[in-house]
Amino acid sequence: MTYKATRISITAEKLLEDGIIKIVEEAGATGYTVIEGSGKGAHGLRTRDRPAVVGAFSIVKIEVVTADHDLAERIAEKVSTKYFGNYSGIVYLDEVEIFRPKKFGGQ
Amino acid sequence: MTYKATRISITAEKLLEDGIIKIVEEAGATGYTVIEGSGKGAHGLRTRDRPAVVGAFSIVKIEVVTADHDLAERIAEKVSTKYFGNYSGIVYLDEVEIFRPKKFGGQ
Amino acid sequence: MTYKATRISITAEKLLEDGIIKIVEEAGATGYTVIEGSGKGAHGLRTRDRPAVVGAFSIVKIEVVTADHDLAERIAEKVSTKYFGNYSGIVYLDEVEIFRPKKFGGQ
(Lines give C-alpha, C1' and ligand atoms only; values in the text may rest on other atoms or scores of the structure.)
Protein backbone atom coordinates (compact mmCIF):
# COMPACT_ATOMS: atom_id res chain seq x y z
CA MET A 1 0.00 0.00 0.00
CA THR A 2 1.41 3.36 -1.00
CA TYR A 3 0.32 6.98 -0.72
CA LYS A 4 0.94 10.17 -2.64
CA ALA A 5 3.22 12.76 -1.12
CA THR A 6 5.03 15.88 -2.24
CA ARG A 7 8.78 16.36 -2.24
CA ILE A 8 10.14 19.89 -1.91
CA SER A 9 13.64 20.40 -3.34
CA ILE A 10 15.48 23.58 -2.49
CA THR A 11 18.91 24.35 -3.93
CA ALA A 12 20.53 27.42 -2.42
CA GLU A 13 23.76 29.03 -1.35
CA LYS A 14 25.11 27.37 1.76
CA LEU A 15 24.91 30.58 3.79
CA LEU A 16 21.11 30.37 3.50
CA GLU A 17 20.92 26.87 5.01
CA ASP A 18 19.98 27.89 8.55
CA GLY A 19 17.37 30.38 7.41
CA ILE A 20 15.73 27.90 5.07
CA ILE A 21 15.65 25.17 7.71
CA LYS A 22 14.02 27.63 10.10
CA ILE A 23 11.25 28.20 7.55
CA VAL A 24 10.86 24.44 7.02
CA GLU A 25 10.57 23.74 10.75
CA GLU A 26 8.33 26.67 11.57
CA ALA A 27 5.97 25.66 8.76
CA GLY A 28 5.49 22.36 10.56
CA ALA A 29 7.43 19.83 8.50
CA THR A 30 8.60 16.89 10.58
CA GLY A 31 11.95 16.38 8.91
CA TYR A 32 14.35 17.29 6.17
CA THR A 33 17.52 16.15 4.47
CA VAL A 34 20.49 18.37 3.63
CA ILE A 35 23.05 17.45 0.98
CA GLU A 36 26.16 19.49 0.22
CA GLY A 37 27.10 20.22 -3.35
CA SER A 38 28.40 22.72 -5.80
CA GLY A 39 26.81 24.50 -8.71
CA LYS A 40 26.55 27.40 -11.01
CA GLY A 41 24.03 29.89 -12.35
CA ALA A 42 20.37 29.98 -11.55
CA HIS A 43 20.58 26.57 -9.92
CA GLY A 44 23.34 27.40 -7.53
CA LEU A 45 25.60 30.35 -7.13
CA ARG A 46 26.43 33.33 -9.20
CA THR A 47 29.85 33.36 -7.62
CA ARG A 48 31.11 36.31 -9.63
CA ASP A 49 28.52 38.56 -7.98
CA ARG A 50 29.59 38.02 -4.39
CA PRO A 51 33.06 36.50 -4.34
CA ALA A 52 33.94 37.64 -0.82
CA VAL A 53 30.81 36.35 0.83
CA VAL A 54 30.59 32.71 -0.10
CA GLY A 55 33.01 30.04 -1.17
CA ALA A 56 32.86 29.47 -4.89
CA PHE A 57 30.12 27.05 -5.85
CA SER A 58 29.20 26.02 -2.34
CA ILE A 59 25.54 25.07 -2.21
CA VAL A 60 23.13 22.91 -0.26
CA LYS A 61 20.21 20.90 -1.51
CA ILE A 62 17.46 20.59 1.09
CA GLU A 63 14.69 18.05 0.61
CA VAL A 64 11.43 17.70 2.52
CA VAL A 65 8.78 15.05 1.89
CA THR A 66 5.28 15.64 3.18
CA ALA A 67 1.83 14.15 2.67
CA ASP A 68 0.43 17.69 2.99
CA HIS A 69 0.63 19.39 -0.42
CA ASP A 70 -0.45 22.77 0.97
CA LEU A 71 2.39 22.66 3.47
CA ALA A 72 4.79 22.00 0.61
CA GLU A 73 3.48 24.99 -1.31
CA ARG A 74 3.69 27.24 1.74
CA ILE A 75 7.32 26.30 2.35
CA ALA A 76 8.19 26.82 -1.31
CA GLU A 77 6.50 30.22 -1.40
CA LYS A 78 8.14 31.41 1.81
CA VAL A 79 11.64 30.33 0.80
CA SER A 80 11.23 31.82 -2.64
CA THR A 81 9.84 35.12 -1.38
CA LYS A 82 12.34 35.58 1.43
CA TYR A 83 15.54 34.57 -0.34
CA PHE A 84 15.36 34.12 -4.05
CA GLY A 85 14.83 37.73 -5.03
CA ASN A 86 18.33 38.54 -3.81
CA TYR A 87 20.14 35.21 -3.89
CA SER A 88 20.45 32.56 -6.55
CA GLY A 89 18.59 29.38 -5.84
CA ILE A 90 15.66 27.28 -6.87
CA VAL A 91 12.73 25.60 -5.26
CA TYR A 92 10.51 23.02 -6.92
CA LEU A 93 8.00 20.33 -6.04
CA ASP A 94 7.29 16.90 -7.39
CA GLU A 95 5.01 14.06 -6.46
CA VAL A 96 6.30 10.81 -4.97
CA GLU A 97 4.78 7.57 -3.78
CA ILE A 98 5.55 6.88 -0.12
CA PHE A 99 5.46 3.69 1.93
CA ARG A 100 5.20 5.02 5.46
CA PRO A 101 2.62 7.81 5.61
CA LYS A 102 2.70 8.21 9.38
CA LYS A 103 6.32 9.32 9.27
CA PHE A 104 5.44 12.16 6.90
CA GLY A 105 3.14 15.13 6.97
CA GLY A 106 3.26 18.53 8.43
CA GLN A 107 1.39 17.99 11.67
CA MET B 1 13.37 7.46 -27.66
CA THR B 2 12.75 7.27 -23.96
CA TYR B 3 11.24 4.74 -21.56
CA LYS B 4 9.49 4.85 -18.22
CA ALA B 5 11.37 3.71 -15.17
CA THR B 6 10.99 3.93 -11.41
CA ARG B 7 13.41 5.65 -9.05
CA ILE B 8 13.62 4.41 -5.47
CA SER B 9 14.87 6.99 -2.97
CA ILE B 10 15.87 5.80 0.50
CA THR B 11 17.00 8.22 3.18
CA ALA B 12 18.33 6.51 6.28
CA GLU B 13 20.80 6.65 9.11
CA LYS B 14 24.31 5.99 7.82
CA LEU B 15 24.70 2.90 9.99
CA LEU B 16 21.99 1.22 7.89
CA GLU B 17 23.82 1.78 4.60
CA ASP B 18 25.34 -1.70 4.28
CA GLY B 19 22.13 -3.46 5.22
CA ILE B 20 20.06 -1.48 2.75
CA ILE B 21 22.55 -2.04 -0.06
CA LYS B 22 22.44 -5.76 0.67
CA ILE B 23 18.65 -5.70 0.19
CA VAL B 24 19.02 -3.69 -3.03
CA GLU B 25 21.57 -6.10 -4.48
CA GLU B 26 19.83 -9.28 -3.36
CA ALA B 27 16.58 -8.04 -4.90
CA GLY B 28 18.37 -7.95 -8.24
CA ALA B 29 18.95 -4.25 -8.93
CA THR B 30 21.96 -3.66 -11.17
CA GLY B 31 23.21 -0.51 -9.52
CA TYR B 32 22.72 2.21 -7.00
CA THR B 33 24.00 5.61 -5.96
CA VAL B 34 24.85 6.66 -2.40
CA ILE B 35 25.01 10.31 -1.33
CA GLU B 36 26.06 11.47 2.13
CA GLY B 37 24.05 14.11 3.91
CA SER B 38 22.58 15.30 7.15
CA GLY B 39 19.05 15.67 8.34
CA LYS B 40 16.51 15.71 11.05
CA GLY B 41 13.25 14.12 12.06
CA ALA B 42 11.29 11.61 10.11
CA HIS B 43 13.43 12.22 7.05
CA GLY B 44 16.70 11.54 8.72
CA LEU B 45 17.74 10.98 12.27
CA ARG B 46 16.06 11.39 15.57
CA THR B 47 19.44 12.09 17.05
CA ARG B 48 18.13 12.72 20.53
CA ASP B 49 16.92 9.13 20.76
CA ARG B 50 20.24 7.44 20.18
CA PRO B 51 23.05 9.94 20.72
CA ALA B 52 25.75 7.38 21.47
CA VAL B 53 25.14 5.24 18.44
CA VAL B 54 25.36 7.55 15.47
CA GLY B 55 26.94 10.89 14.74
CA ALA B 56 24.42 13.67 14.90
CA PHE B 57 22.55 14.11 11.64
CA SER B 58 24.62 11.66 9.62
CA ILE B 59 22.49 10.13 6.91
CA VAL B 60 22.75 8.55 3.49
CA LYS B 61 20.46 8.87 0.53
CA ILE B 62 20.45 5.78 -1.64
CA GLU B 63 18.92 5.92 -5.12
CA VAL B 64 18.12 3.05 -7.46
CA VAL B 65 16.60 3.39 -10.92
CA THR B 66 14.96 0.37 -12.50
CA ALA B 67 12.69 -0.33 -15.45
CA ASP B 68 11.01 -3.01 -13.31
CA HIS B 69 8.35 -1.33 -11.14
CA ASP B 70 7.68 -4.51 -9.16
CA LEU B 71 11.34 -4.74 -8.24
CA ALA B 72 11.19 -1.16 -6.99
CA GLU B 73 8.18 -1.95 -4.83
CA ARG B 74 9.81 -5.08 -3.42
CA ILE B 75 12.94 -3.16 -2.44
CA ALA B 76 10.88 -0.39 -0.85
CA GLU B 77 8.76 -2.86 1.11
CA LYS B 78 11.76 -4.84 2.34
CA VAL B 79 13.72 -1.80 3.46
CA SER B 80 10.69 -0.30 5.14
CA THR B 81 9.74 -3.52 6.93
CA LYS B 82 13.24 -4.42 8.06
CA TYR B 83 14.47 -1.02 9.23
CA PHE B 84 11.90 1.71 9.48
CA GLY B 85 9.93 0.36 12.38
CA ASN B 86 12.92 0.93 14.64
CA TYR B 87 14.97 3.55 12.84
CA SER B 88 14.07 6.89 11.32
CA GLY B 89 14.14 6.95 7.57
CA ILE B 90 12.02 7.18 4.49
CA VAL B 91 11.57 5.33 1.25
CA TYR B 92 9.61 6.61 -1.73
CA LEU B 93 9.22 5.98 -5.44
CA ASP B 94 8.73 8.23 -8.41
CA GLU B 95 8.58 7.78 -12.15
CA VAL B 96 11.36 8.97 -14.44
CA GLU B 97 12.01 8.91 -18.17
CA ILE B 98 15.22 7.09 -19.03
CA PHE B 99 17.41 7.16 -22.12
CA ARG B 100 19.29 3.88 -21.85
CA PRO B 101 16.90 1.08 -20.87
CA LYS B 102 19.42 -1.72 -21.21
CA LYS B 103 21.50 -0.27 -18.40
CA PHE B 104 18.55 -0.48 -16.02
CA GLY B 105 16.29 -3.18 -14.76
CA GLY B 106 16.48 -5.82 -12.17
CA GLN B 107 17.48 -8.81 -14.26
CA MET C 1 1.50 30.26 -9.23
CA THR C 2 3.64 27.41 -10.41
CA TYR C 3 4.94 26.16 -13.75
CA LYS C 4 6.00 22.85 -15.18
CA ALA C 5 9.70 22.25 -15.75
CA THR C 6 11.96 19.30 -16.50
CA ARG C 7 14.73 18.06 -14.25
CA ILE C 8 17.67 16.25 -15.86
CA SER C 9 19.54 13.90 -13.53
CA ILE C 10 22.92 12.57 -14.67
CA THR C 11 24.88 10.10 -12.57
CA ALA C 12 28.37 9.45 -13.90
CA GLU C 13 31.94 8.67 -13.00
CA LYS C 14 33.61 11.71 -11.50
CA LEU C 15 36.19 11.89 -14.29
CA LEU C 16 33.37 12.77 -16.69
CA GLU C 17 32.20 15.77 -14.65
CA ASP C 18 33.94 18.47 -16.70
CA GLY C 19 32.87 16.99 -20.01
CA ILE C 20 29.25 16.70 -18.97
CA ILE C 21 29.16 20.23 -17.60
CA LYS C 22 30.57 21.47 -20.91
CA ILE C 23 27.66 19.80 -22.72
CA VAL C 24 25.17 21.29 -20.25
CA GLU C 25 26.55 24.80 -20.66
CA GLU C 26 26.99 24.67 -24.42
CA ALA C 27 23.40 23.46 -24.78
CA GLY C 28 22.30 26.70 -23.14
CA ALA C 29 21.23 25.69 -19.64
CA THR C 30 21.56 28.54 -17.17
CA GLY C 31 22.67 26.50 -14.19
CA TYR C 32 23.37 23.14 -12.67
CA THR C 33 24.04 21.43 -9.36
CA VAL C 34 26.78 18.87 -8.72
CA ILE C 35 26.66 16.42 -5.81
CA GLU C 36 29.43 13.98 -4.95
CA GLY C 37 28.59 10.41 -4.15
CA SER C 38 29.49 6.79 -4.54
CA GLY C 39 27.83 3.93 -6.32
CA LYS C 40 27.98 0.67 -8.10
CA GLY C 41 26.85 -0.99 -11.29
CA ALA C 42 24.87 0.60 -14.05
CA HIS C 43 24.08 3.56 -11.85
CA GLY C 44 27.62 4.43 -11.01
CA LEU C 45 30.90 2.71 -11.62
CA ARG C 46 31.91 -0.65 -12.76
CA THR C 47 35.05 -0.33 -10.74
CA ARG C 48 36.37 -3.76 -11.55
CA ASP C 49 36.70 -2.81 -15.22
CA ARG C 50 38.99 0.16 -14.79
CA PRO C 51 40.55 0.04 -11.34
CA ALA C 52 43.58 2.18 -12.20
CA VAL C 53 41.66 5.01 -13.75
CA VAL C 54 39.13 6.05 -11.15
CA GLY C 55 38.83 5.79 -7.42
CA ALA C 56 36.48 3.03 -6.42
CA PHE C 57 32.88 4.17 -6.41
CA SER C 58 33.55 7.87 -6.99
CA ILE C 59 30.65 9.41 -8.85
CA VAL C 60 28.90 12.72 -9.36
CA LYS C 61 25.23 13.44 -9.71
CA ILE C 62 24.56 16.46 -11.90
CA GLU C 63 21.10 18.04 -11.92
CA VAL C 64 19.71 20.66 -14.27
CA VAL C 65 16.21 22.13 -14.11
CA THR C 66 14.83 23.85 -17.17
CA ALA C 67 11.45 25.09 -18.39
CA ASP C 68 12.51 23.99 -21.89
CA HIS C 69 11.76 20.29 -22.30
CA ASP C 70 13.50 20.09 -25.69
CA LEU C 71 16.67 21.46 -24.13
CA ALA C 72 16.47 18.76 -21.47
CA GLU C 73 16.14 16.06 -24.11
CA ARG C 74 19.05 17.46 -26.13
CA ILE C 75 21.33 17.44 -23.09
CA ALA C 76 20.26 13.91 -22.17
CA GLU C 77 20.83 12.64 -25.70
CA LYS C 78 24.25 14.29 -26.02
CA VAL C 79 25.54 13.06 -22.66
CA SER C 80 24.23 9.57 -23.33
CA THR C 81 25.67 9.38 -26.83
CA LYS C 82 29.07 10.82 -25.97
CA TYR C 83 29.77 9.01 -22.73
CA PHE C 84 27.48 6.18 -21.82
CA GLY C 85 28.50 3.76 -24.53
CA ASN C 86 31.93 3.46 -22.94
CA TYR C 87 31.37 4.52 -19.35
CA SER C 88 28.85 3.51 -16.76
CA GLY C 89 26.29 6.13 -15.95
CA ILE C 90 22.68 7.08 -16.30
CA VAL C 91 20.64 10.01 -17.45
CA TYR C 92 16.95 10.47 -16.84
CA LEU C 93 14.30 13.16 -16.86
CA ASP C 94 11.33 13.91 -14.67
CA GLU C 95 8.79 16.69 -14.41
CA VAL C 96 8.76 19.16 -11.54
CA GLU C 97 6.66 22.15 -10.53
CA ILE C 98 8.73 25.31 -10.20
CA PHE C 99 8.10 28.59 -8.40
CA ARG C 100 10.45 30.97 -10.17
CA PRO C 101 10.23 30.42 -13.94
CA LYS C 102 12.44 33.36 -14.92
CA LYS C 103 15.44 31.77 -13.22
CA PHE C 104 15.09 28.64 -15.35
CA GLY C 105 15.09 27.89 -19.02
CA GLY C 106 17.69 27.37 -21.63
CA GLN C 107 17.93 30.83 -23.12
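Partner chain Cβ atoms within 10 Å, averaged over the residues of C:60-69 - can you pull that number for me? Spell out each step's value before the answer.
Working: counts 3, 7, 2, 8, 4, 6, 2, 0, 0, 0.
Shielding by partners across C:60-69 averages 3.
In Å² (nearest 100), what accessible area is buried between C and A, both sides summed, heavy protein atoms only, 1.4 Å probe? Let's see the in-between values first.
Working: alone 6430 and 6380 Å², together 10820 Å².
Approximately 2000 Å² gets buried when C meets A.
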Kindly tabulate the residues in the stretch C:22-38 with an accessible-area decrease of at least 10 Å² between the chain alone and the assembly of all protein chains, using a probe of 1.4 Å.
C:Glu25, C:Thr30, C:Gly31, C:Tyr32, C:Thr33, C:Val34, C:Ile35, C:Glu36, C:Gly37, C:Ser38
My understanding is that a pair violates if its Cα-Cα distance is over 20 Å; which of A:Lys14/A:Lys82; B:Lys22/B:Lys82; A:Lys61/B:Lys14; A:Lys4/A:Lys61; B:Lys61/B:Lys82; A:Lys4/A:Lys82 do that in this structure?
A:Lys4/A:Lys61; A:Lys4/A:Lys82
I want to check the label-to-label distance for A:Met1 and A:Asp70. Put each point 7 Å from Cα in the C-beta direction and report it in nm to one decimal.
2.4
Along the stretch A:2-9, Karplus-curve 3J(HN,Hα) (6.51, -1.76, 1.60; θ = phi - 60°) to the nearest Hz, with x for Gly and Pro, reads 10, 9, 7, 9, 10, 9, 9, 10
Can you run phi through the Karplus equation (6.51, -1.76, 1.60; θ = phi - 60°) for the stretch B:25-33 and list ³J(HN,Hα) in whole Hz, with x for Gly and Pro?
6, 5, 6, x, 5, 8, x, 7, 10
Provide B:Lys22, A:Lys14, A:Lys61 ordered by accessible surface of protein heavy atoms (probe 1.4 Å), highest first.
B:Lys22, A:Lys14, A:Lys61
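The values are calculated or read from the model by the stated rules, or taken from the named source; none is laboratory data. These numbers come from a predicted model, not from an experiment. FYI the Cβ positions are ideal-geometry reconstructions off the backbone, even for glycines, and counts take in every protein chain you see. Surface accessibility is based on the protein's heavy atoms, side chains included, excluding ligands, DNA and RNA. Shrake-Rupley method; radii C 1.70, N 1.55, O 1.52, S 1.80 Å.
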